[in-house]
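The values are calculated or read from the model by the stated rules, or taken from the named source; none is laboratory data. Fair warning: this is a prediction, and the values are worked out from it, not measured in the lab. Cβ: placed from backbone, ideal geometry, glycine included. Neighbour counts: every protein chain shown.
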Amino acid sequence: MKEIKVPELAESITEGTISEWLVKKGDQVEKGDPILELETDKVNVEVNADASGVIAELLREAGDDVEVGDVIAKVDENGEAGGTDEDTSSNEEESEPEEEKEASNKEDKQQPASEEKKETSGKDSKDVIATPAARKRARELGIDLSEISARDPLGRIRPEDVDAAAKGENKQESKGSSKSSSEDNPKKQEKKKEETKKTEFDKPVERVKMSRRRQTIAKRLVEAQQESAMLTTFNEVDMTNVMKLRSERKESFLKKHDIKLGFMSFFTKAAVGALKEFPLLNAEIQGNEIIKKQFYDIGMAVSTDEGLVVPVVRDADRLDFAGIEKGIADLATKARNKELGLEDLQGGSFTITNGGIFGSMLSTPILNAPQVGILGLHNIEKRAKVMPDDTIEARPMMYIALSYDHRIVDGKDAVQFLRRIKEMIEDPFDLLLEG
């Protein structure tokens, strides 16, 4: 019998949640076949079989949290496909010595029915056969496992049995079950009231377990605010010249590079230029040291159905506009198709987040720790602007925000960094020449 364990995933990942089993007990697998999908802090990964054979046992359920090295399944290298729980049960029964079976049967006959029922109703929850997921669900709902009747032929309680018991559909019969329904109903009504109080809401609600990625996002965002001296500064950018340049060159750019010219490449180029002038925004703190990074790997915040991820465009300083646009498009596609690898998410030095695509007018982005700077972009709206000759024109304007770690970045540098980005965006021809 070969054990299948949770493999080493990456240096920073030590645990995960079983998202979905891709096989079931009795299935034939070959070495290297994917058997389950594991949800980690960053990406979903497939765990493969270590050996060829038949799945003899699944030790964990979908939804269970597991750590690297945990045994999650067993493979019978000499088994035949199609085995079931019933087969296993009958085989075990056949292998039981005849003397033990006779003694067991005799004890069963001698034991009064009332005594048997008493023992059943008085079982400790720890002695009940239940899956880890069922035990966890029972704890969440405050239900005693010994009061639940299992639908499984082998008597194993599953999460659906716990949910049914919570609704009053699957409780074991007690001694008082022979009482009239008129006596039983008040008890049920009282229990229902108690369960309603436990929810803390008077109206219907739905409880949904947070995905591991959402839990990690929540944890990291809180840590970023607690462990850094985060501050945000703002400015506004006149997008007239960028929009004009983009309009003039978008067709030739698309024809030449087979990719659309967007605003993100302009801001990425501007961010790299500003980071070179203000290197502390391209750094991080490790203990009592400041690590100034000599590379420009720019993280791009991407929203997915499962939460925010920040894949990284590597060596953005060495890429032209087309290279940046292709890199961003490729990462966005992989993120939405759940195809991002760990290498796509690790090691960024600075992050750009664009809330403008959702209509955000102004926000204070939260740092992507351990980075010390994040640039927030917003939607473009025409606003009245006083021109140098004191005339007023309607111009396409965008608010931009820079959140930074005040422990190593002074306000003066942060303000000048953001102003430098404003200058480069408002004069994109100069940006193109320098790029």
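Quick rundown of the values:
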quantity: Residue match in the range 382-405 (condition: in contact with a helix residue (DSSP H, G or I) (Cβ under 9 Å, 6 or more places away or on another chain), surrounded by fewer than 15 Cβ atoms within 10 Å (Cβ to Cβ) and more than 27 Å from Leu261 (Cα to Cα)); calculated: no
quantity: Residue under evaluation Tyr296, criteria (1) within 30 Å of the chain's Cα centre (by Cα); (2) assigned to a helix (DSSP H, G or I), criterion not met; calculated: (2)
quantity: Residues that are part of a loop (DSSP other than H, G, I, E, B) and under 21 Å from His257 (Cβ atoms), drawn from the range 299-320; calculated: Pro311, Arg314, Asp315, Leu319, Asp320
quantity: Given (1) modelled with pLDDT of 95 or more; (2) crowded, with 18+ Cβ neighbours inside 10 Å, number of the condition Val415 does not satisfy; calculated: (2)
quantity: Listing of strands (runs of 3 or more DSSP E) fully contained in the range 1-40 that carry 2 or more residues being modelled with pLDDT under 85 and surrounded by 18 or more Cβ atoms within 10 Å (Cβ to Cβ); calculated: 15-21, 34-39
quantity: Lone qualifier among Ile290, Ile285 - being touching a Lys or Arg at 6+ places or on another chain (Cβ under 7 Å), β-branched (Val, Ile, Thr) and touching a residue at least 60 places away in the same chain (Cβ under 8 Å); calculated: Ile285
quantity: Residue list for the range 197-256, filter: small (Gly, Ala, Ser), in contact with a Lys or Arg (Cβ under 9 Å, 6 or more places away or on another chain) and at pLDDT below 90; calculated: Ser228
quantity: When residues of the range 244-262 are limited to those that are assigned to a helix (DSSP H, G or I) and surrounded by 15 or more Cβ atoms within 10 Å (Cβ to Cβ), the one nearest to the chain's Cα centre (by Cα); calculated: His257
quantity: So Asp344, is it assigned by TED's automatic domain parsing to the domain that holds Phe267, modelled with pLDDT under 95 and surrounded by fewer than 21 Cβ atoms within 10 Å (Cβ to Cβ); calculated: yes
quantity: Residue under evaluation Ala271, criteria (1) assigned to a helix (DSSP H, G or I); (2) surrounded by fewer than 20 Cβ atoms within 10 Å (Cβ to Cβ), criterion not met; calculated: (2)
quantity: Options Glu236, Glu306, Glu227, Glu277: the member that is under 18 Å from His378 (Cα atoms), in contact (Cβ under 8 Å) with a residue 12 or more places away in the chain and of a type outside the set (Gly, Ala, Ser); calculated: Glu236
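A quick yes/no check of all residues on (1) farther than 19 Å from Glu284 by Cβ; (2) among the polar types (S, T, N, Q):
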residue: Ala329; (1), (2): yes, no
residue: Asn337; (1), (2): yes, yes
residue: Leu340; (1), (2): yes, no
residue: Phe350; (1), (2): no, no
residue: Leu377; (1), (2): yes, no
residue: Arg383; (1), (2): yes, no
